[in-house]
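Take a look at the structure set out below.
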Amino acid sequence: MPPIYDINWPLWLSTMLPMALSAGPGNLMVASSGARSGVRRSLRFICGLDLTYLLLALLVGLGLYHSLAAYPGLLWGLRIAGSLYIFWLGLRLLLRPLRKPGEQSEALQFRDGVMLQLGNVQGLVMLLVMFSTFSPGADAGTAVVLALSAALIAVNLFGHLLWASLGSSLQRLMRDRPRLLLAQNALFGLLLMAVAGWLLLRGA
């Protein structure tokens, strides 16, 4: 029987789906992008997030994380840099001015998704947990790495589209309510800053 059938998929889904749907930095930025630009204009940002995470998943599954673990100072530096980048994104949201009537907001781009995902070092830890917990054996092989990585990206993509749709719904609600729009920017910005602080404390 191929090793991918030895994976406990129901347990995997019940573990990874809540994590993919939780209010992490990626989902918060996707919701903010959906609220500012709509779902369609957020797709490039989402692709940047998920394609980068797919690459990281493949690298971690094939042993990259264990190589990085030999250099704890490098991991610490990446965690600090990533946390500061997420904090900066939150601060930028918090201080974002209201756009003028009829002015179209600038959409987040593919490169923004790449940078955010690379800055989210906690995502590397989640990948390590996934592979160490759900891989059916130390010698399960490339097929298991590909299967787990593809399944994770599918779940992440579902979560990102859901968060973008929720953000887009908020956009329609607040189109003519500037105070609500300011409150939304402040909420997402403060949440991102709180996540960055949590990541810093967790890595201290």
Revision key, fill the gap. The residue from GLY73, GLY26, GLY63 that alone is in contact with a helix residue (DSSP H, G or I) (Cβ under 7 Å, 6 or more places away or on another chain) and not hydroxyl-bearing (Ser, Thr, Tyr) is GLY26
Revision key, fill the gap. Of the residues in segment 41-89, those that are modelled with pLDDT of 75 or more and in a loop (DSSP other than H, G, I, E, B) come to LEU62, GLY63
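If you check VAL155 against the conditions, is it surrounded by fewer than 21 Cβ atoms within 10 Å (Cβ to Cβ) and at pLDDT below 85?
On the way: surrounded by fewer than 21 Cβ atoms within 10 Å (Cβ to Cβ): yes; at pLDDT below 85: no.
Considered against the rule, which asks whether it is surrounded by fewer than 21 Cβ atoms within 10 Å (Cβ to Cβ) and at pLDDT below 85, VAL155 comes out as no.
Which of the residues spanning segment 21-40 are hydrophobic (A, V, I, L, M, F, W, C), surrounded by 17 or more Cβ atoms within 10 Å (Cβ to Cβ) and at pLDDT below 85? It would help to see each step written out before you state the result.
Of the residues in segment 21-40, the ones hydrophobic (A, V, I, L, M, F, W, C) are 21, 23, 28-31, 35, 39.
From what is left, the residues that are surrounded by 17 or more Cβ atoms within 10 Å (Cβ to Cβ) are 28-31, 35, 39.
The answer is ALA35, and nothing else.
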Review point. So VAL114 clears everything in (1) modelled with pLDDT under 80; (2) open to solvent by 20 Å² or more (accessible area, probe 1.4 Å) except one condition, right? Which one?
Key: (1)
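Looking only at residues in segment 5-20 that are open to solvent by 60 Å² or more (accessible area, probe 1.4 Å) and of a type outside the set (Phe, Trp, Tyr), which one is nearest to ALA196 (Cα to Cα)? Break it down into steps so the answer makes sense when it comes.
As a first pass, look at segment 5-20 and keep what is open to solvent by 60 Å² or more (accessible area, probe 1.4 Å): 5-6, 8-11, 13-14, 18-19.
Now narrow it down to the ones that are of a type outside the set (Phe, Trp, Tyr): 6, 8, 10-11, 13-14, 18-19.
Details: ASP6: 37, ASN8: 32, PRO10: 31, LEU11: 29, LEU13: 26, SER14: 26, PRO18: 20, MET19: 17 Å.
Result: MET19.
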Study note, to complete from the structure: Residue hits (segment 90-111; of a type in the set (A, V, I, L, M, F, W, C), in a loop (DSSP other than H, G, I, E, B), at pLDDT 70 or above and open to solvent by less than 90 Å² (accessible area, probe 1.4 Å)) are ALA107, LEU108
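The values are calculated or read from the model by the stated rules, or taken from the named source; none is laboratory data. The shown structure was predicted, so the numbers you read here are calculated from the model rather than taken from an experiment. Backbone-built Cβ (ideal geometry, glycine too); neighbour counts: all protein chains shown. Surface accessibility is based on the protein's heavy atoms, side chains included, excluding ligands, DNA and RNA. Shrake-Rupley method; radii C 1.70, N 1.55, O 1.52, S 1.80 Å.
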